[in-house]
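Enquirer: One structure, pasted below without further comment.
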Amino acid sequence: MAKLKEEVARKYEVLAGHGVGEYRFAGQTVHLDKLTLEQADKLVKKGFPYLVKKAPAKPAQEPPQKEDKKA
Amino acid sequence: MAKFDIVDMIHQDGVTNPSGLATMHGIALLGYFTTIQKPDAVDEDDATGTTVGSIATAHVFEAGACMKKLYGTENKGEAKDDVVGDKDSQNGKGSFTIMLPGSKADYIADRKLLNASIGIAFITMADGQVLQYGSEDFPCHFKVTWGSGNNESYRGYTITGECYGDSVIYTPGLNFTPAA
């Protein structure tokens, strides 16, 4: 199955329910698996709806500290 | 009553306005979709010119489905929006014609299928904008004919679509990737 390039996948995900493949947007053929990050940024800026910016990753939660048992 | 006003309709300096259609379009039978987006109605509260005249959210297809490519010979196709009905009862009626060259078994099968089906067509204008013909409530009815032409003309299929309602600009463009 086709996938987004790693640099693109770090920033974007494909709109839910849609696949990585061929689209045609504003008179231009777009193969999502061949896009560079720069091309992806440009398309998204123009309103290409099939790439969605990923939500920023949540910082890893520290495990809760155990309370010291009082003697 | 409409909630938005008509705009000034003037010549736009520096804006190109090419006529005619591009050569790649999309077509989908109604059964391919799970969700078909709609433009706002003219009298909707938060309607704007943009939300009435275009659809910006992508339709959702059934898993494994997407638009099918429809090539059209340049300078042979045309898309139109007419008004039908009596005064005070007017409605839009859209239509398009695409000419596809060739003659082969798969296309003959497509002709039979399309002549017995309803759907939505996504017609690309010369400037790259895509017009949607057909909606969930008023889908396109297709008519596909074929002619050999003579030795100095055109052999191929003429695909026409007709639907009630106005065409709208479908800004997500053409989607040729089967839904996940």
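Enquirer: Quick one: is B:Ala65 within 14 Å of chain A (Cβ to nearest Cβ), at pLDDT below 95 and closer than 24 Å to B:Gly31 by Cβ?
Expert: Here the answer is no, as B:Ala65 does not meet what is asked.
Enquirer: State which residue pairs qualify: first residue facing chain A (nearest Cβ under 7 Å) and aliphatic (A, V, I, L, M) and inside the stretch B:166-180, second residue in a strand (DSSP E or B) and surrounded by fewer than 22 Cβ atoms within 10 Å (Cβ to Cβ) in any location, beta carbons under 6 Å apart, and separation of 6 or more residues or different chains.
Expert: Sorted first by the residue in the stretch B:166-180, then by its partner, the pairs are B:Ala179/B:Ala63.
Enquirer: Then there's this: Do you know which residues across the stretch A:18-48 are more than 15 Å from the chain's Cα centre (by Cα) and more than 7 Å from chain B (Cβ to nearest Cβ)?
Expert: Those that are more than 15 Å from the chain's Cα centre (by Cα) and more than 7 Å from chain B (Cβ to nearest Cβ): A:Gln28, A:Thr29, A:Val30, A:His31, A:Lys46.
Enquirer: Every residue in the stretch B:94-134 that is open to solvent by 50 Å² or more (accessible area, probe 1.4 Å) and assigned to a strand (DSSP E or B), please.
Expert: Passing the criteria: B:Pro101, B:Ile118.
Enquirer: Also, quick follow-up: Tally up the residues in the stretch A:28-47 that are surrounded by fewer than 16 Cβ atoms within 10 Å (Cβ to Cβ) and part of a loop (DSSP other than H, G, I, E, B), please.
Expert: 2
Enquirer: Here's something else I'd like to know. Select, from B:Val130, B:Val144, the only residue that is within 14 Å of another protein chain (Cβ to nearest Cβ) and either among the β-branched types (Val, Ile, Thr) or without any contact (Cβ under 8 Å) to a residue 40 or more places away in the chain (or both).
Expert: B:Val130
Enquirer: Which of (1) surrounded by fewer than 17 Cβ atoms within 10 Å (Cβ to Cβ); (2) under 14 Å from the mean Cα position of the chain (by Cα); (3) within 14 Å of chain A (Cβ to nearest Cβ) does B:Glu78 not meet, given it meets every other one?
Expert: For B:Glu78, the failing item is (3).
Enquirer: Give the residues of the stretch B:17-35 that are within 12 Å of another protein chain (Cβ to nearest Cβ) and either outside any loop (DSSP other than H, G, I, E, B) or farther than 26 Å from B:Lys68 by Cβ (or both), sorted by residue number.
Expert: B:Leu21, B:Met24, B:His25, B:Gly26, B:Phe33, B:Thr34, B:Thr35
The values are calculated or read from the model by the stated rules, or taken from the named source; none is laboratory data. Not measured: the values here are computed from a predicted model. Every residue, glycine among them, receives a Cβ derived from its backbone with ideal geometry; neighbour counts consider all protein chains shown. For accessibility, only protein heavy atoms count, side chains too; no ligands or nucleic acids. Shrake-Rupley method; radii C 1.70, N 1.55, O 1.52, S 1.80 Å.
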